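A.B. asks: Mind having a look at this structure? Questions to follow.
The values are calculated or read from the model by the stated rules, or taken from the named source; none is laboratory data. Here the structure is a predicted model, which is why all the values come from computation and not from measurement. Reconstructed Cβ throughout: ideal geometry from the backbone, glycine too, with neighbour counts over all protein chains shown. Accessible surface areas use protein heavy atoms only, side chains included; no ligands, DNA or RNA. Shrake-Rupley method; radii C 1.70, N 1.55, O 1.52, S 1.80 Å.
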Amino acid sequence: LIDLAAVVAKNQEAAEVIVLKVVIVPDQIAPSLEEAHVERERKLPARARQRVADHGIPVSSIIRVGHNAARAILETARQRGASMVVLGWKGHTSTARRILGDVTDDVVNHARCDLMLVKLIDDDRPWKHLLLPTAGGEHARHAEQFATALAAMESGSLTLCRVLDPDAPADRVAAEEASLAEAKARVWELKLW
């Protein structure tokens, strides 16, 4: 996640990465009384700060103690004027009536900035070959920028695609091909290759 945030920040003017570590305490304990928890958690933000600094990006870190992780993320993003939150996701939820999980659903639903939700596999493979399914629109344009930056970082490739019903009429296929060609032209204009 740190590398992703650094790549995104590097392609934005005057960007900074804010590393946030949220320490959850039981409801019976006031967050202000949990200095011992904060001290135990200082190593991770320090390592993350160094990793971002290795990318040449300004970085700061915050350890926030609270009762609700989603609220801590959202409040920090609002207070620090974040333009994007990069949030990791485990890939499933064990919570009934939630799509992505307690924390992730709340952040996705209430964030007042862009959000990059990332599910990483537990290995160190570089992002060499990226597939970007796209249906167009503003979100797709942002995804094109981020995916292009990630692919360029690893000297990799980016494949754009659209998914259509196999029985789609020829005029719909032609329209989607034209739209995909426009997306490809936008990616090439980014000049990151």
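A.B. asks: So, in nm, how far is label HIS67 from label ALA135 when the simple model puts each one 7 Å beyond its Cα toward the Cβ?
C.D. replies: Using points 7 Å along Cα→Cβ, the separation is 3.8 nm.
A.B. asks: How much accessible surface area, in Å² rounded to 10, belongs to the heavy atoms of LEU117 with a 1.4 Å probe?
C.D. replies: Approximately 60 Å² of LEU117 is accessible to the 1.4 Å probe.
A.B. asks: By how many nm would the segment from ARG47 to ARG162 lengthen if fully extended, with 0.36 nm per residue of separation less the alpha-carbon distance?
C.D. replies: 37.5 nm
A.B. asks: Next question. Largest first, how would THR134, THR159 line up by accessible area (1.4 Å probe)?
C.D. replies: THR159, THR134
A.B. asks: Note the full-extension length gain between LEU115 and LYS10 as 0.36 nm times their separation in residues minus their Cα-Cα distance, in nm to one decimal.
C.D. replies: Stretched out fully, the LEU115 to LYS10 stretch lengthens by 36.1 nm.
A.B. asks: Using a 1.4 Å probe on the protein heavy atoms only, what accessible surface does GLU138 show? Give it in Å² to the nearest 10.
C.D. replies: 130 Å²
A.B. asks: Right, here's the next one. Using the Karplus equation 6.51 cos²θ - 1.76 cosθ + 1.60 (θ = phi - 60°), what ³J(HN,Hα) coupling, rounded to whole Hz, does each residue of region 79-90 give in order, writing x for Gly and Pro?
C.D. replies: Along region 79-90, the couplings run 5, 8, x, 5, 8, 7, 10, 9, 10, x, 9, 6 Hz.
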